[in-house]
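Following this message is one structure expressed as structure tokens.
The values are calculated or read from the model by the stated rules, or taken from the named source; none is laboratory data. This is a predicted model, so every value here is computed, not measured. Here the Cβ positions follow ideal geometry from the backbone for every residue, glycine too, while neighbour counts run over all protein chains shown. Just the protein is used for accessible areas: all its heavy atoms, side chains included, with ligands, DNA and RNA removed. Shrake-Rupley method; radii C 1.70, N 1.55, O 1.52, S 1.80 Å.
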Amino acid sequence: MAPKKNLPAAEEKKEEQAEDTKKRKAEEKKDEPAKKEAKKEESKKEEPKEEEAGEKEKDAPADRRGLVKETAGFEADSVTLNVVPTLGGKVLMALSDGGMQYLIAGARANLGMKGGRYMFEVKIVEALNPSEATVPAGRRVPMPRQLVRLGFSLAKSELILGESPEGVCFDSEGHFTADGKKSAVSQRFTRDQVLAVLLNLEKSGPNSNTISLFRDGERISEPQPLPEGLRGKTLFPHVAFRNVSVQVHFGPQPLSALPFNCRTLQGAAADDVVYAPSPAPKDGKYEVLMPVAFPDEGTFDWIDSFLAKNPHYVELSDRKIYEWALKSGFWKANKTGKDSNDRPEFNFGVPSMDDVSARRVINSIAGVVPRHYLVAEVKGNLISSERAETLKRFSPTHYKRVAHVVMGEPSSEYKAMQHEKMLKDKQDKLDVEFKAKKAEKERKKQMELRQKQLMDMRKKAEESRKKAAEEAKKKAEEAKKKAEEAKKKA
């Protein structure tokens, strides 16, 4: 660099700035190749991310294993009492008279998955708007009025899909329910759209042990992981609906193709599925069982234990209708003291439910649908005239009618079951008390912490106020002193 001449300070500063600029530009030119290389590396790293953002499900590979021979469908004991299968079980409708329009219908298929990746499809073909009576102020009916849930569940699980941890489902409102938890994960769907529910039970892959929802061939939800309690178990297609009619399609050809090749459940490999039809009665007749017992003598405990051992029996009783109403979205009714297991008090504030019109509708259809029934009417089963009236609904041509007397010395098994139940009830009560005490302790702790925080805040506020008052007083005294001094000088 040439020696600097004696220049004014401003000109010398300009020269230094110019030299700095030249040096910076030279350094930037040297760094340009390195920056370009870095950008290339970044773009290479970003390429896989673009791939990851796309559809992870790929075309189904060629499979030479034998296909399932049985036809997927719905068994009479795997649908709720208001479901009416039509067109060979391809379309499911629900009764809507006498308060039945408020109850969710459920149907579980008889062909389950234990491996592979398959789908089934559902299309809402009809949306219903049944007439409703005026509901008193402060009461409400279950919402939404039209509802569809699609998913998978375990065999013999709760038929109202979404009300048990033994199943998972998407619903028409855009929610996914698993392990009793509901979260918004998908887009909504409505009538005339083909919904595909895909279950991936492959042992490996990015979407292993997940369930996905597609609408008209396009994905509308990210793959949702299956709960741990359902993994490694056989899962059956399951639908639940209210005030709609649905077409259920198992294949073998899909109604609406997905972005990748995916086989339907009816086109599955036989090794990946389990066919679970209802056992046919040995003599061709289904059984109508009527327990005969005294009131408040453990009748319903006996019924519960019997149904636990014989889940293919369907209970006909007011208590089951009441439970059904709660699972369908009704609030628990306020009791007035006239409640019992035999005749629970509904008191929902909806006339067509409170008058138990649903019982009349169920009684009229039950005998038409062949399945095993257990009539849980303690008073009705005791009185011969009422018992005879009940039996008229079940033709002896199709049903074997049995009166089972539940009286006398209970069996050792029943006693053991009752002791276990008493222990469980006692433990549940203790658990509730423990949780209440724990919650109360935590509440007091939080209250004390809050009070301490408030006291600290008040103390700081008081200190700040005193400090501000002292400073104001000091300033006032200084101002007064200055004023006096100025006056003296004047």
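From the Cα gyration tensor of region 275-374, with a ≥ b ≥ c the square roots of its eigenvalues, which class applies: rounded if a/c is under 1.5, or else prolate if a/b is larger than b/c, or else oblate?
Details: a/c = 2.15, a/b = 1.57, b/c = 1.37.
The shape class here is prolate.
Would you work out which of His419, Ser357, Ala436 lies farthest towards the positive end of the dipole of region 340-436, given +1 charges on the beta-carbon of Lys and Arg and -1 on that of Asp and Glu, about the Cα centre?
It is Ser357, whose Cα lies furthest towards the positive end.
Suppose a student asked you for the relative contact order of the chain, using Cα pairs under 8 Å spaced at least 6 residues apart; what percent would you report?
17
Can I ask one more? Starting from the Cα of Asp428, step 7 Å along the direction of its Cβ; do the same at Asp296; then give the gap between the two resulting points in nm.
The two pseudo-label positions are separated by 2.0 nm.
Let me ask you something else. Is the C-alpha gyration tensor of region 172-211 telling us rounded, prolate or oblate? Criteria: a/c under 1.5 is rounded; beyond that, a/b larger than b/c is prolate, otherwise oblate.
oblate
Which FRET efficiency value, to the nearest 0.05, is calculated for Lys203 and Glu420 with the Förster distance at 35 angstrom and r the Cβ-Cβ distance? Please list the in-between numbers first.
Details: r = 38 Å, r/R0 = 1.10.
Efficiency computed from Cβ-Cβ geometry: 0.35.
I would also like to ask the following. May I ask you to order 383-389, 243-249 by the average number of other C-beta atoms within 10 Å around their residues, highest value first?
Values: 383-389: 11.0, 243-249: 20.6.
Those peptides, ordered most packed to least, come out 243-249, 383-389.
Return the carbon/sulfur percentage of the accessible area of region 264-309, one whole number, probe 1.4 Å, all protein chains in place.
Working: 1170 of 2230 Å².
Roughly 52 percent of what the probe reaches on region 264-309 is carbon or sulfur.
Shape of region 47-188 from its Cα gyration tensor (a ≥ b ≥ c, root eigenvalues): rounded if a/c is under 1.5, otherwise prolate when a/b > b/c, or oblate? Mind showing how you got there, number by number?
Details: a/c = 2.29, a/b = 1.45, b/c = 1.59.
Judged from the Cα gyration tensor, region 47-188 comes out oblate (a/c at least 1.5, b/c at or above a/b).
Roll a 1.4 Å probe over the protein chains and send me the accessible area per residue for region 170-264 in Å². Spell out each step's value before the answer.
Details: 4060 Å² over 95 residues.
Averaged over the residues of region 170-264, the accessible area is 43 Å².
May I ask you to compute the full-extension gain from Lys400 to Asn363, defined as 0.36 nm times their residue separation minus their alpha-carbon distance, rounded to one decimal in nm? Walk me through the intermediate numbers first.
Details: separation 37, 0.36 × 37 = 13.32 nm, distance 1.71 nm.
This chain segment gains 11.6 nm when fully extended.
Another one. Relative to a virtual label point 7 Å from the Cα of Ala479 in the Cα→beta-carbon direction, which members of region 435-470 show backbone nitrogen distances below 17 Å?
The answer is 468-470, whose backbone nitrogens lie closer than 17 Å to the label point.
What whole-number value in Å² describes the accessible area per residue of region 390-443 for a 1.4 Å probe? Spell out each step's value before the answer.
Numbers: 4670 Å² over 54 residues.
Computed with neighbouring chains in place, this is 86 Å² per residue.
Need one number: nm distance between label points at Leu255 and Asp59, each 7 Å from Cα along Cα→Cβ, rounded to one decimal.
My value for the distance between the label points is 2.6 nm.
Let me ask something else about it. Quick check for me: using +1 on Lys/Arg Cβ and -1 on Asp/Glu Cβ, what's the dipole size of the chain about its Cα centre, in debye to the nearest 20?
Details: 91 positive and 79 negative charges, 517 e Å.
Computed about the Cα centre, the dipole is about 2480 debye.
Right, here's the next one. If you count the DSSP beta bridges with both ends in the chain, what percent of them are antiparallel, to the nearest 5?
Values: 59 of 73 bridges.
Of the beta bridges lying entirely in the chain, close to 80 percent run antiparallel.
For region 354-490, which whole percent of the accessible surface, found with a 1.4 angstrom probe, sits on carbon and sulfur atoms?
Details: 6380 of 11230 Å².
With neighbouring chains kept in place, the figure for region 354-490 is 57 percent.
Here's a follow-up. Using 25 Å as the Cα-Cα cut-off, could you pick out the over-long pairs in Lys181/Lys445; Lys123/Lys203; Lys114/Lys320; Lys181/Lys233? Working shown, then result.
Details: Lys181/Lys445 29 Å; Lys123/Lys203 30 Å; Lys114/Lys320 31 Å; Lys181/Lys233 20 Å.
The answer is Lys181/Lys445; Lys123/Lys203; Lys114/Lys320.
Output the peptides 458-466, 142-150 sorted from most to least packed, where packing is the average of other Cβ atoms within 10 Å over each peptide's residues.
On the way: 458-466: 10.0, 142-150: 19.1.
In descending order of packing, they fall as 142-150, 458-466.
Mind giving me the nanometre distance, one decimal, between the label points for Asp283 and Lys459, set 7 Å out from Cα along Cα→Cβ?
Rounded to a tenth, the inter-label distance reads 8.6 nm.
With Cβ to Cβ distances under 9 Å as the rule, what net charge do the other residues near Phe300 carry (K, R +1; D, E -1)?
Values: positive: Arg319; negative: Asp301, Asp304, Asp342.
Counting the neighbours of Phe300, the net charge comes to -2.
At a Förster distance of 30 Å, what's the computed FRET efficiency of Leu67 paired with Leu128, Cβ-Cβ distance as r, to 0.05?
On the way: r = 37 Å, r/R0 = 1.23.
Once rounded, the FRET efficiency stands at 0.25.
Counting each DSSP H run of 4 or more residues in the chain as -39500 (n - 2.57), what helix-only mean residue ellipticity at 222 nm follows after dividing by all residues, to the nearest 500 deg cm²/dmol? Don't jump to the answer; show the numbers that get you there.
Values: 8 runs with 171 residues, N = 490.
Roughly -12000 deg cm²/dmol at 222 nm, from the helical runs in the chain.
Still on this structure, please answer the following. Among the trypsin sites (Lys or Arg not before Pro) within region 217-280, which fall in a DSSP loop and have no more than 16 other Cβ atoms within 10 Å of their own Cβ?
Working: sites: Arg219, Arg231, Lys233, Arg242, Arg263; in loops: Arg231, Lys233, Arg263.
Passing sites in region 217-280 are Arg231, Lys233.
Could the peptides 478-489, 160-171, 306-317 be put in order, highest first, of the mean number of other beta-carbon atoms found within 10 Å of their residues? Each step should come with its number before you reach the end.
Numbers: 478-489: 9.2, 160-171: 22.8, 306-317: 15.7.
Result, highest mean first: 160-171, 306-317, 478-489.
Which of Asn207, Ala479, Thr190 sits closest to the plus end of the dipole of the chain, meaning its Cα is farthest towards the positive end, when Lys and Arg get +1 and Asp and Glu get -1 on the C-beta?
Ala479
For Trp331 and Val91, compute 0.36 nm times the residue count separating them, minus their Cα-Cα distance, and round to one decimal in nm.
Working: separation 240, 0.36 × 240 = 86.40 nm, distance 3.06 nm.
Going from the current span to full extension adds 83.3 nm.
How big is the charge dipole of region 178-292 about its Cα centre, in debye rounded to the nearest 20, if each Lys and Arg gets +1 on its Cβ and each Asp and Glu gets -1 on its Cβ? Working shown, then result.
On the way: 13 positive and 11 negative charges, 55 e Å.
So the dipole magnitude of region 178-292 works out to roughly 260 debye.
Using Cα pairs closer than 8 Å and at least 6 residues apart in sequence, work out the relative contact order for region 211-297, in percent. Don't skip to the end; give the middle numbers.
Values: 45 pairs, mean separation 18.5, N = 87.
Relative contact order of region 211-297: 21 percent.
With helices defined as uninterrupted DSSP H runs, which ones in the chain have an alpha carbon span along their own long axis of at least 15 Å and mean Kyte-Doolittle hydropathy of at least -0.5? Please list the in-between numbers first.
Details: long enough: 9-53 (61 Å, -2.62); 299-309 (16 Å, 0.22); 412-489 (114 Å, -1.93).
Helices meeting the span and hydropathy rule in the chain are 299-309.
Which residues in region 155-198 place their backbone N less than 19 Å from a point set 7 Å from the Cα of Met143 along the Cα-to-Cβ direction?
In region 155-198, the label zone of Met143 (backbone N under 19 Å from the point 7 Å along Cα→Cβ) covers 171-176, 182-184, 188-190.
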